[in-house]
């Protein structure tokens, strides 16, 4: 049996997706001793097991279909764990190093740090998950294009010294490694394919239009794995990226009255517009405070993502310097969580939130119309 992802802890059980004879099953473990053992397993590892395969009811089968799960595996006993192939061993070593670095931070800062850097949100307390969702910041703990960009930026000094073909090969390899490191979540899968296509377009001298690359990435992923269409994470990732690539720059160009805030404000509004439909449909809300919360939290979260990976590798490898090295990450995660806390308290209850969005949209339209009128008047 091969573990597809890391075990996901719940209050009274632990869930893990496994592959048995080429088919995927979800496996639930209950009981303190068994849960402690299973929670030590890692994605990519192999375990010799004995158990029974059980069919899922229709509702449950539809809920997990996007993960290619075809049933439940009821575990009877399990042997010792095999570390798996070289890629799995390498990625698990890096994740273990990051986890050791996170242990230096007080909770829930350590859990948030792991979510920002490697997308590991398993240990985030329920109240943190809820306040991030209520303030429109839950996307920060789903690794995406921003994380990929920071990893490539960290490799920049090496890449610029390479010839085009080796540079392309190393770039694609780094992207693939990071996708595996972060457990091939839908958001990072979309970002990784886009980054790979962009690197290929650059290497071949072709046009690198973000909208075309996004469209091609969605087509490629849908052809390879049609069940991604059932993933809400994939919807949100594609929607936010589409909004950032299309509406964001258009709004930023017309919100110059806000000065240096025009670009981040336009990008944030574009992203919120892109996720509006799936957010309202699935979660029943679109947080009004999300625009302000993202303006305050995203720059600091970006710093934690950029600094956190190399800092975590150093801190996890050299415990003596860990408290000092991880101090900036601690300050950053505390700031991001504080923004989420204030966001929850400031978010109005329905129907106030919808009235607020009407006011926001009206103000944006007034500013945009005023900007367009001034530009037209200036060209006469």
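The values are calculated or read from the model by the stated rules, or taken from the named source; none is laboratory data. Not measured: the values here are computed from a predicted model. Positions of Cβ are backbone-derived with ideal geometry, glycine not excepted, and every protein chain shown enters the neighbour counts.
Got a number for residues in the range 261-279 being surrounded by fewer than 20 Cβ atoms within 10 Å (Cβ to Cβ) and in contact (Cβ under 8 Å) with a residue 40 or more places away in the chain?
Selection size over the range 261-279: 1.
Of the numbered conditions (1) free of Cβ contacts under 8 Å to residues at least 60 places away in the same chain; (2) within 23 Å of the chain's Cα centre (by Cα); (3) outside the structural domain of residue 118 (by TED's automatic domain parsing), residue 216 satisfies every one except a single condition; which is it?
Answer for residue 216: the failing condition is (3).
Return a yes/no flag: does the range 250-260 have any residue that is closer than 30 Å to residue 333 by Cα, without any contact (Cβ under 8 Å) to a residue 40 or more places away in the chain and out of contact with any helix residue (DSSP H, G or I) (no Cβ under 9 Å at 6 or more places or on another chain).
Yes: one or more hits.
Within the bounds of the range 51-65, is there any residue that is surrounded by 18 or more Cβ atoms within 10 Å (Cβ to Cβ), touching a helix residue (DSSP H, G or I) at 6+ places or on another chain (Cβ under 8 Å) and either within 29 Å of residue 309 (Cα to Cα) or not assigned by TED's automatic domain parsing to the domain that holds residue 118 (or both)? I'd like the intermediate steps shown before the answer.
The initial filter retains those residues of the range 51-65 that are surrounded by 18 or more Cβ atoms within 10 Å (Cβ to Cβ), namely 64.
After this cut, where a residue has to be touching a helix residue (DSSP H, G or I) at 6+ places or on another chain (Cβ under 8 Å) as well, the list is none.
Checking the range 51-65: not a single residue is surrounded by 18 or more Cβ atoms within 10 Å (Cβ to Cβ), touching a helix residue (DSSP H, G or I) at 6+ places or on another chain (Cβ under 8 Å) and either within 29 Å of residue 309 (Cα to Cα) or not assigned by TED's automatic domain parsing to the domain that holds residue 118 (or both).
Loosely packed, with under 15 Cβ neighbours inside 10 Å and outside the structural domain of residue 225 (by TED's automatic domain parsing): is that true of residue 72 in this structure?
Details: loosely packed, with under 15 Cβ neighbours inside 10 Å: no; outside the structural domain of residue 225 (by TED's automatic domain parsing): yes.
Spelling it out, it is not the case that residue 72 is loosely packed, with under 15 Cβ neighbours inside 10 Å and outside the structural domain of residue 225 (by TED's automatic domain parsing).
Considering the range 172-227 alone, what residues qualify as being over 25 Å from residue 43 (Cβ atoms) and in a loop (DSSP other than H, G, I, E, B)?
Correct list: 205, 206, 207, 208, 209.
Residues to consider are 151, 184, 160; find the one that is crowded, with 19+ Cβ neighbours inside 10 Å and either modelled with pLDDT under 90 or within 17 Å of the chain's Cα centre (by Cα) (or both). Break it down stepwise before answering.
Details: 184 fails: crowded, with 19+ Cβ neighbours inside 10 Å; 160 fails: crowded, with 19+ Cβ neighbours inside 10 Å.
Being crowded, with 19+ Cβ neighbours inside 10 Å and either modelled with pLDDT under 90 or within 17 Å of the chain's Cα centre (by Cα) (or both) holds for just one of 151, 184, 160, which is 151.
Only one of 101, 169 is surrounded by fewer than 21 Cβ atoms within 10 Å (Cβ to Cβ) and in a helix (DSSP H, G or I); which?
169 is the lone residue from the list that is surrounded by fewer than 21 Cβ atoms within 10 Å (Cβ to Cβ) and in a helix (DSSP H, G or I).
Taking the stated definitions as given, is residue 266 under 19 Å from residue 187 (Cβ atoms), assigned to a helix (DSSP H, G or I) and at pLDDT 85 or above? First the steps, then the outcome.
Values: under 19 Å from residue 187 (Cβ atoms): no; assigned to a helix (DSSP H, G or I): yes; at pLDDT 85 or above: yes.
The answer is no for residue 266.
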